[in-house]
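Structure first, then comments.
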Amino acid sequence: MKILLTGAAGQLGQALRQQVPEGIELIATSRSGDPATGLLPLDLADAAACRAAVLEHRPDWVLNGGAYTAVDRAESEPELALAVNGGAPRAFAGALADTGGRLLQVSTDFVFNGQQGSPYRPEQSRDPLGAYGRTKAAGEEAVEQVLGGSSRGVILRTSWVMGPVGKNFALTMLRLHRERDQIGVLEDQVGCPTSTATLAAACWRAIAVMDTPSGLPAVLHWSDAGAASWYDVAVAVGELGVELGLLQQPAPVNPLTTAEYPLPAQRPSYSLLECSASRQALDLPALHWRQALRQLLEAVA
Ligand SMILES: NC(=O)c1ccc[n+]([C@@H]2O[C@H](COP(=O)([O-])OP(=O)(O)OC[C@H]3O[C@@H](n4cnc5c(N)ncnc54)[C@H](OP(=O)(O)O)[C@@H]3O)[C@@H](O)[C@H]2O)c1
């Protein structure tokens, strides 16, 4: 089976490349490519290039793991964010409608407004609060409009992605525990961390399961299990960091409110994803976020 992967240099992309199942021919792409690691260049802001890549390689799947992920910066460059997060999935979906291939579109909890106070189910309506969420919602809509009803477009939403490489909250907190006398972290935004390792496994499983008689729902939710505030995760990074010998001692973590720490983008205050149906469809076990975080930090150690 041939898979065209985007965002191969990102944190999810790297985990996906570490877990490529047997029998997969992977065409891995990143924004500028990298001959040393075999990455081909593909600019997701260039819809014509996205279409051309599908027509050239004729993959069985496009695994669209690349995205404009700078949540705050998206507020000041929404056009670029929309081109990457909305335009690329639309271009892939259109080309795949012609070639007969499938699309796995990775999406986000930030398509929800976070106001209901209970976990979001896959079929619930989108209502993003910020530019990043709006552009990711536009990507979902494009997949549904172009490939909906054909079982050829699958949306996999995830949340708070963290891995042993790249730019993410866990690695930032590890650094701040080392560098600072104390850290202030938001306590009033609740969601669930997701490790790139478990997320990559879910993506590969989705591709495998689609070809079985049970197939897949059109929208999947995948995060690690449990719930946490950013404050909880920061405290856990300190504790686990000491346990694993990555830190001599944790910095004290002070809980902050969103009002005390304003950022350009408004974020959902409660964006847990209800994952039980997806875990069942993918036949994958739940791993508590703290165990997944431990494994992530073990990979850093
Ligand atoms: N990170 C999270 O907390 C989170 C939460 C929920 C959902 N997600 C979703 O999960 C997926 C994977 O995210 P991630 O955490 O792995 O993000 P990431 O580490 O930021 O990786 C995204 C990759 O996309 C690439 N990219 C951005 N613009 C591009 C362009 N114009 N052309 C080609 N490549 C481009 C980035 O390259 P550059 O580094 O060169 O920009 C980066 O390598 C995304 O769909 C994201 O929306 C992420």
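Close Cβ contacts (under 6 Å, 6 or more residues apart or on different chains) running from residues in region 232-257 that are open to solvent by 10 Å² or more (accessible area, probe 1.4 Å) to residues that are small (Gly, Ala, Ser) comprise 244/301; 246/301; 247/241; 250/238; 253/234; 254/184; 256/184. Give region 53-66 a look and list any residue that's away from the ligand (no atom under 14 Å from the Cβ) and among the aliphatic types (A, V, I, L, M), or say none. Of everything in region 53-66, those that are away from the ligand (no atom under 14 Å from the Cβ) and among the aliphatic types (A, V, I, L, M) turn out to be 54, 55.
A quick yes/no check of all residues on (1) under 24 Å from residue 215 (Cα atoms); (2) not charged (D, E, K, R):
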| position | (1), (2) |
| --- | --- |
| 99 | yes, yes |
| 130 | no, yes |
| 134 | no, no |
| 140 | yes, no |
| 145 | yes, yes |
| 151 | yes, yes |
| 158 | yes, yes |
| 162 | no, yes |
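Quick check on residue 44: is it of a type in the set (A, V, I, L, M), buried (at least 16 other Cβ atoms within 10 Å of the Cβ), within 11 Å of the ligand (Cβ to nearest atom) and touching a residue at least 40 places away in the same chain (Cβ under 8 Å)? So residue 44 passes the test.
Might you check whether a residue that is assigned to a helix (DSSP H, G or I), surrounded by fewer than 23 Cβ atoms within 10 Å (Cβ to Cβ), away from the ligand (no atom under 12 Å from the Cβ) and at pLDDT 95 or above occurs anywhere in region 150-172? No, the conditions are met nowhere in region 150-172.
Scan region 224-231 and give yes if some residue there is more than 30 Å from residue 282 (Cα to Cα), open to solvent by less than 60 Å² (accessible area, probe 1.4 Å) and touching a strand residue (DSSP E or B) at 6+ places or on another chain (Cβ under 6 Å), otherwise no. Yes; the residues of region 224-231 include at least one that is more than 30 Å from residue 282 (Cα to Cα), open to solvent by less than 60 Å² (accessible area, probe 1.4 Å) and touching a strand residue (DSSP E or B) at 6+ places or on another chain (Cβ under 6 Å).
Evaluation of residue 215 against the conditions (1) out of contact with any helix residue (DSSP H, G or I) (no Cβ under 7 Å at 6 or more places or on another chain); (2) in a loop (DSSP other than H, G, I, E, B); (3) open to solvent by 20 Å² or more (accessible area, probe 1.4 Å) shows that the sole unmet condition is (3). Taking (1) at pLDDT 95 or above; (2) away from the ligand (no atom under 11 Å from the Cβ) in turn, residue 37 satisfies each apart from (1). The set of residues from region 8-34 being open to solvent by 20 Å² or more (accessible area, probe 1.4 Å) and within 6 Å of the ligand (Cβ to nearest atom) comprises 9, 10, 11, 31.
Among the numbered conditions (1) free of Cβ contacts under 8 Å to residues at least 12 places away in the same chain; (2) over 20 Å from residue 74 (Cβ atoms), the only one that residue 187 does not meet is (1). Based on this model, can you work out whether residue 142 counts as in a helix (DSSP H, G or I) and more than 19 Å from residue 11 (Cβ to Cβ)? Yes, satisfied. Out of everything in region 106-133 that is touching a His at 6+ places or on another chain (Cβ under 8 Å) and in a loop (DSSP other than H, G, I, E, B), what residue ends up being most open to solvent (accessible area, probe 1.4 Å)? Among them, the one singled out is 121. Test residue 136 against the criterion of being farther than 26 Å from residue 21 by Cβ, within 16 Å of the ligand (Cβ to nearest atom) and surrounded by fewer than 19 Cβ atoms within 10 Å (Cβ to Cβ), and give yes or no. Judged against the criteria, residue 136 is not a match. Considering the conditions (1) assigned to a strand (DSSP E or B); (2) within 9 Å of the ligand (Cβ to nearest atom); (3) open to solvent by 40 Å² or more (accessible area, probe 1.4 Å), residue 69 is excluded by exactly one of them, (1).
The values are calculated or read from the model by the stated rules, or taken from the named source; none is laboratory data. Everything numeric in this text was worked out from a predicted model, so none of it was measured. For neighbour counting, all protein chains shown are included, and Cβ atoms are generated from backbone atoms with ideal geometry for every residue, glycine included. Quick note on the areas: whole protein, heavy atoms, side chains included, nothing else; ligands and nucleic acids left out. Shrake-Rupley method; radii C 1.70, N 1.55, O 1.52, S 1.80 Å.
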